[in-house]
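First up is the structure itself, then whatever we jot down about it.
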Amino acid sequence: MKNSLHNIKYTFVFFLFTLSFSFQNQAFCSIVISNGLTHIHSVEEGQVVRGFIEIQNAGFQKQAVRIYQKDYSFTHEGDVFYNEPNTNSRSNANWIDFSPSYLELDPSQKSVINYEITIPEGQELLGSYWSVLMVEGIVPAQPELPQSGLNISTIMRYAIQVATNIGDSGENNLEFVEAKLDQIGGQQVGSVALINNGERLLIPEVSIELFDKEGQSVRVIKTAKKKIYPGTSARFLLALEDLPKGEYEAVVLADCSEADVFGLNLSLTLGDD
């Protein structure tokens, strides 16, 4: 999967720097998504649902924007993949119509990208399906730039996740890939990786409760929630700072709120290494 020529790696919001000649000049696009980077819809087969993405030009120049679709997946090792739409077996890109695919915004102007999702019938759909709408600022050509020096052009892209959950259908199956101690910035952290082997989107909050040799609870540490789509995996880091050195028993929980709670028991030795 990593070696596929169709895989493109980048983050939800990122900067692509291109070099041309003229160090004194810089092109910069500044678009902002104001109503969230994830839109989750609970749907039924045959249903039509609608949504919108709010966009604003936060810059001081007129800004052109293009909108297009991609499939989206990721791993706990930090890989992020934006593939061609409908290559993921759980892609809903074919269900989504959106408009416009191109727009121009004056400084401070706001606009919306409307989308409509038509859920197919008779396909025995189960669980969650998703894709992303890419919202990309277009940097205009600058033929007047001198042909010497260094110019940095900045392109901003957002990946807006559009997920559809088919009622309450599909299995919840979250599994621990690994749970270990890591050193980050000179501090020990608990590193927990989870993979979603089920059929539904899960959004767990991971926590660790530490117990001393006498079985007394010493501390409960929690992380922020993360979305894990079916077939994807994510890593959670738990700061273990200001804890006395020594041996502990630990209970690690992945709490998916209204869904299931998944747990793991392990032993930890906190020390200098």
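Here the contact order of the stretch 174-270, divided by its residue count and restricted to Cα pairs under 8 Å and six or more residues apart, works out to 29 percent. Rg ratio for the stretch 214-273: its Cα radius of gyration over 2.2 N^0.38 Å, N being its residue count, equals 1.33. Within a straight-line Cα-Cα reach of under 17 Å, Lys110 can be paired with the following lysines, leaving aside sequence neighbours fewer than 8 residues apart in one chain: Lys62. For the stretch 174-270, just say rounded, prolate or oblate: build the C-alpha gyration tensor, square-root its eigenvalues into a ≥ b ≥ c, call rounded for a/c under 1.5, and beyond that prolate if a/b exceeds b/c, oblate if not. Prolate, because a/c is 1.5 or more and a/b exceeds b/c. Distances between placed amide hydrogens fall under 5 Å for Asn173 paired with Asn197, Gly198, Glu199, Arg200, all partners being 5 or more residues away or on another chain.
All of the numbers you see were taken from the coordinates with simple rules; none came from a lab. Treat the numbers as computed from the prediction; the structure is a model and nothing was measured.
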